[in-house]
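To start, the structure itself, in structure tokens.
Please treat every number below as a calculation from the coordinates, not as lab data. The structure displayed is predicted, hence computed values, not measured ones. In this analysis, Cβ positions are derived from the backbone assuming ideal geometry, glycine residues included, and neighbour counts consider all displayed protein chains.
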Ligand SMILES: Nc1ncnc2c1ncn2[C@@H]1O[C@H](COP(=O)(O)OP(=O)(O)O)[C@@H](O)[C@H]1O
Ligand SMILES: [Mg+2]
């Protein structure tokens with residue numbers, strides 16, 4: 001079997017300030033993610049999603065077990081440069097992730113850190129700006145941008161490093177609905193291009209179509225499978241404090257009232273199912 | 001007043017000669033200007049410097065409305081400076097208004113210090129009005145390069161300045177938001193006496209500090225994730241180059257500064 005791009009082996013994490021407390025932020029995490037996968041990661045507040053994300057590129061080092069990225073352990077500081085290049089991170093608040101005073105300088109920040117030749121940096125800035133529809137904002141100062149434009153700038157800055165894995169920690173939670181969808185579409189596009197995606201969100205709509213869903217509860221993995229198996233399971237939903245996407249709740253509600261509607265996870269799916277039901 | 005309009009030193013895009021002079025030349029010129037400003041001690045010298053500055057403003061094509069916007073936040077400081085000196089006692093009496101006496105020396109001193117402060121603010125503003133922040137920090141970094149030999153982290157200092165420039169507008173906008181939120185809860189943040197206003201500052205400062213720390217924390221994570229390893233070995237993307245324009249500009253600035261010093265000597 002090939003080496004998974006991300007491999008967590010019985011990983012635990014305890015925040016240092018709470019060393020004397022028994023509370024672990026994470027415990028007993030086993031997770032294998034193959035290159036090219038799309039993994040939706042959900043869970044209630046405080047269930048450990050962000051902590052897990054920060055373990056994936058060595059921002060935090062596991063206090064138990066081992067995290068490997070492309071076979072390299074994050075605990076070995078000699079690997080960190082390599083790991084940071086492999087795993088890109090997008091966080092929640094775009095305002096705290098933009099370093100530079102112009103869009104293009106911010107996109108260039110990562111490639112400049114690598115010490116690439118100036119023309120190569122320029123080429124990557126150009127490509128990333130075009131790819132995420134911000135080429136006309138290249139000279140703009142960040143504080144004039146909308147939330148969606150800021151978060152796309154952040155994404156461009158991370159993608160300019162050409163990471164093989166992209167970890168996104170609630171990247172759309174500060175965006176308006178239309179920007180959310182646009183951002184999510186860009187992530188799908190990156191995934192189809194071969195980037196491994198780990199997508200953390202509170203919006204079930206954003207991961208309803210994900211091929212793989214991991215659900216966290218109390219610092220452990222409570223579910224690892226496909227969304228269609230998770231959302232109909234009332235006990236599992238209650239145990240993890242999750243709610244199905246709106247379309248699933250609608251489909252269930254309609255079925256309970258005696259309508260001929262098969263379960264659905266997304267709105268288009270629901271519309272198709274309702275339509276099919278009304279035809280019979 | 002809309003606080004987000006107060007953003008100090010906003011870049012004013014343009015293609016004037018001043019915009020095209022190397023930012024390093026502008027920074028050195030501004031520093032020299034400020035030094036001479038504090039050496040000159042007569043109105044004649046200040047007048048020459050003011051005239052020079054006015055010429056540069058005209059050259060840069062910066063509209064007066066933009067200038068005014070940049071000055072508004074420091075207006076208060078200028079008034080305070082003037083008022084403070086005005087009531088200095090001693091010397092020839094000019095007017096007496098009830099318990100308040102204005103002396104000639106105080107008036108002259110007040111006018112002089114206020115004019116000096118105004119020129120100081122203006123010279124700094126013109127630098128930031130005519131230079132995009134990215135070039136400003138690039139140039140600062142380049143100018144400080146010799147410091148690296150003295151084991152001073154010049155590159156990191158320049159990056160700190162970039163980050164400060166980057167976050168000032170964001171924080172100003174956040175202050176705006178906090179004030180609105182506090183107002184919605186019935187807080188008094190403007191109007192009222194000095195005491196009332198001072199008390200109104202605390203509920204704004206505390207959330208601002210919390211927000212700044214959160215920004216700093218997350219920014220550090222984002223920078224580390226984007227392979228920041230310190231200034232060593234980073235790509236230098238923009239090449240800065242001196243040209244004829246710099247020589248002309250520097251000569252003119254030197255001439256103005258020399259003239260104002262000269263005026264000061266023969267007072
Ligand atoms: N910097 C920190 N210091 C101490 N405890 C923390 C810190 N960050 C998170 N925690 C704790 O770790 C647990 C997991 O938090 P987190 O990973 O942020 O969860 P999520 O992202 O799922 O909301 C929570 O109990 C939280 O209180
Ligand atoms: Mg979180």
The range A:59-127, relative contact order [Cα under 8 Å, separation at least 6], %: 15
For the protein assembly as shown, share of DSSP beta bridges that run antiparallel, in % to the nearest 5: 55
Relative contact order computed over the range A:79-237 (Cα-Cα under 8 Å; 6+ residues apart), in percent: 24
222 nm mean residue ellipticity, helices alone, for chain B (DSSP H n ≥ 4; -39,500 (n - 2.57); rounded to 500): -24000 deg cm²/dmol
Fewest-first sequence of B:76, A:38 by Cβ atoms within 10 Å of each Cβ: B:76, A:38
Pairwise FRET efficiency - residue A:189 versus residue A:123, Cβ, R0 = 22 Å, nearest 0.05: 0.65
Calculated [θ] (222 nm, deg cm²/dmol) that DSSP helices of n ≥ 4 give over chain A, each run adding -39,500 (n - 2.57): -11000 deg cm²/dmol
Taking A:51, A:153 and counting other C-beta atoms within 10 Å, the order from fewest to most: A:51, A:153
Chain B, relative contact order [Cα under 8 Å, separation at least 6], %: 32
Order of B:49, A:204, B:173 - criterion: other Cβ atoms within 10 Å of each residue's Cβ, fewest first: B:173, A:204, B:49
Beta bridge orientation in the range A:6-244: antiparallel %, DSSP, nearest 5: 50
Cβ-derived FRET efficiency at R0 30 Å, residue B:16 paired with residue B:47, nearest 0.05: 0.80
